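In what follows, a single structure is set out as structure tokens and then discussed.
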Amino acid sequence: MATLKTANGQGKYHDLNSRQDLISYIADPKKTHHHHVYCCHVDPLDPVGDMDRVAAQFGKSDGVQARHFIFSFQPLELGSHTEAAHIAQEITTCLGAEYQTVSAVHEDKQHLHIHTVINSVSYVDGHRYRGTKQEFYTMKDQVRQILRRYGIDRLDYVSSYR
């Protein structure tokens, strides 16, 4: 059974270094042994700069800077890190339809997990991802559809990760 955790706790990610800190964390080579890091609508060499530019373009450089999701899988639920990489690519592309997105497969624990960071400001029209129930359930349903293609029928939500 796959689980979804949000790391968007109250008051988190307002700091102007949030995007840099998050992306550095999720792309850490010590955690991404096979370097499965994926970007959508950002330069892979400067994702933070691209996200900052979009926020500034729409006059939304303040407030929550990014949103952070973790998709975890039970040991042996996925065939390999390669399968997790395919899932991460699809999640990145899906969420990247509206938001600049960076995802990475972490292999530093017994279970594979994918960290996904989205810019809180849409590059399409500047609206913010606020994490409302509607936004959250839409995103969760999109990810469920992706997981079903890999034979994973459940995506449970675990209370906010802090």
Exercise for review: Starting from residues that are among the small types (G, A, S) and at pLDDT 95 or above, keep the ones in segment 91-135 and report whichever is farthest from H35 (Cα to Cα).
Suggested key: G126
**Study point:** Which numbered condition E107 misses (of (1) open to solvent by 50 Å² or more (accessible area, probe 1.4 Å); (2) farther than 30 Å from G59 by Cβ)
**Key:** (1)
Exercise for review: Exactly one condition in (1) out of contact with any helix residue (DSSP H, G or I) (no Cβ under 8 Å at 6 or more places or on another chain); (2) part of a loop (DSSP other than H, G, I, E, B) is not met by Q145; state its number.
Suggested key: (2)
Revision key, fill the gap. In segment 1-50, anything within 26 Å of R144 (Cα to Cα) and among the hydrophobic types (A, V, I, L, M, F, W, C) is listed as M1, A2, L4, A7, L22, I23, I26, A27, V37, C39, C40, V42
Review point. What do you reckon, is R148 surrounded by fewer than 20 Cβ atoms within 10 Å (Cβ to Cβ), modelled with pLDDT of 95 or more and over 19 Å from D15 (Cα atoms)?
Key: yes
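The values are calculated or read from the model by the stated rules, or taken from the named source; none is laboratory data. Every value quoted in this text rests on a predicted model; they were computed, and no experiment measured them. Cβ atoms come from the backbone with ideal geometry, glycine included; neighbour counts cover every protein chain shown. Note: accessible area is taken over every heavy atom of the protein model, side chains too, but ligands, DNA and RNA are not part of it. Shrake-Rupley method; radii C 1.70, N 1.55, O 1.52, S 1.80 Å.
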